[in-house]
Ligand code: HEM
């Protein structure tokens, strides 16, 4: 049986109320707008940015916590019970984690923008608590995932990484008040590595093994390259923690190669001829990951690349991860909405009835334009080019938000209509 079929078999029984994943996805779409707006504000500081409060740090965490963590939480809560074939025991912790993390990210990034340490501390504590609740709930779910061991193993490793990155992040926030760290720069670099490659990288690799075969309708993926990728990724994280940076880069490169091989395998065995816009984003994101790793190697080999650390960080965060998550969100939102909503016939609504192509096309075009312009602006230290790029990103984010709100409104309308039909039938029976 294909992974897609096994994923979908009986999935409807294990769907959470739509309001749970959708609150995370809508929040992600709004934080996405805020992240590009904040980057536009901080355009002048970006090329030589070397840490510290201000709009660049705020934009970074609006993207990483606001978009990445929110999407990861919403998708994990919804997809894991389906993959593991075990419904969540109760839904209140998932709702609770949203009400801790979403306001927490707002407060943290407000504090980062304005240099307000108390805001940062309260925001970081709330966000950390939301992530902890998410990790606990996901751990309970993963513990039941006997039949999908390679995916569960990626999940366990990503959860471990959440604890490390949140611990390091909180320490960095408290250091803004106390200045007690001897090597703040080194700790910030480790936080970045565990957040980008540990938490997000492992989730991207794990979820891709479920989502991509499902989207392209292909057979199950072989587990061995998945295990090999995980082993190399974890070895890379361990090497980075020990300061062995070339070994870490080799580990990241090996994990990326295994991931790319699996994705090509799925796409080659696809039963779909046209994979659509989201796949242009998925592929684009993967190529940007390879470019970021290659730029890192060239830079470390002492080739002079102006503002290389910022360029590499930007390519990883906005070029790879943001592109990947936007692709997943635009596929998963109409897909989940179609499973939750029935049309007048009582059958699930078609995905094509729920999506909106024009805003997605605008988003894809402006998103890639933003990546190219900002990367060029960083290398050239040209604020105007960065501003143009951030404006392009902002236009794309607004278009994406229009798409996301449109899906949510259509879902609400369809759910209301089916409630009305059910109520009408009950009244008829009574009559
Ligand atoms: C509880 C959650 C988090 C908190 C409290 C937090 C806090 C911080 C702080 C205080 C800094 C240091 C800035 C400086 O040195 O001036 C930082 C840097 C950074 N964070 Fe986070 N962060 C969190 C989560 C994340 C996540 C989820 C990601 C990515 C997925 C991320 C990516 C980064 C990156 C790329 C940097 C820049 C590191 C560098 O300067 O080399 N953070 N974070």
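Helix 19-41: angle to the longest alpha-carbon principal axis of the chain, degrees 0 to 90, nearest 10? Helix 19-41 sits roughly 30 degrees off the main axis of the chain.
Where only DSSP H runs of four or more residues are counted, the chain gives -25500 deg cm²/dmol as its mean residue ellipticity at 222 nm, each run worth -39500 (n - 2.57).
Against the chain, whose longest principal axis comes from its Cα atoms, helix 383-430 is set at around 20 degrees. When 272, 189 are arranged by Cβ crowding within 10 Å, least crowded first, meaning fewest neighbours, the order is 272, 189. Helix 117-142 axis versus longest C-alpha principal axis of the chain: approximately 50°, rounded to the nearest ten.
Each listed q (0.06, 0.11 Å⁻¹) maps to a log10 I(q)/I(0) for the chain from the Debye sum over equal C-alpha point scatterers, namely -0.24, -0.82.
Shown for 204, 298: other C-beta atoms within 10 Å of each C-beta, ranked fewest to most, produce the order 298, 204. The length gained on full extension between residue 144 and residue 223, counted as 0.36 nm times the residue separation minus their Cα-Cα distance, comes to 26.6 nm.
Can you work out the FRET efficiency for the pair residue 116 and residue 419, with r the C-beta to C-beta distance and R0 = 51 Å, to the nearest 0.05? Once rounded, the FRET efficiency stands at 0.70.
Using the Cβ-Cβ distance between residue 297 and residue 242 with R0 set to 22 Å, the FRET efficiency works out to roughly 0.70.
Cβ crowding within 10 Å ranks 200, 271, 339 as 271, 339, 200, fewest other Cβ atoms first. Using 0.36 nm per residue and subtracting the Cα-Cα separation, the extra length available between residue 86 and residue 177 on full extension is 28.3 nm. As an exercise, use a Förster radius of 45 Å and the Cβ-Cβ distance of residue 257 and residue 358 to find the FRET efficiency, rounded to the nearest 0.05. So the FRET efficiency works out to roughly 0.80.
Here, each number is a calculation from the coordinates, and none is a lab measurement. Predicted model only: the values in this text are computed from it and were never measured. Positions of Cβ are backbone-derived with ideal geometry, glycine not excepted, and every protein chain shown enters the neighbour counts.
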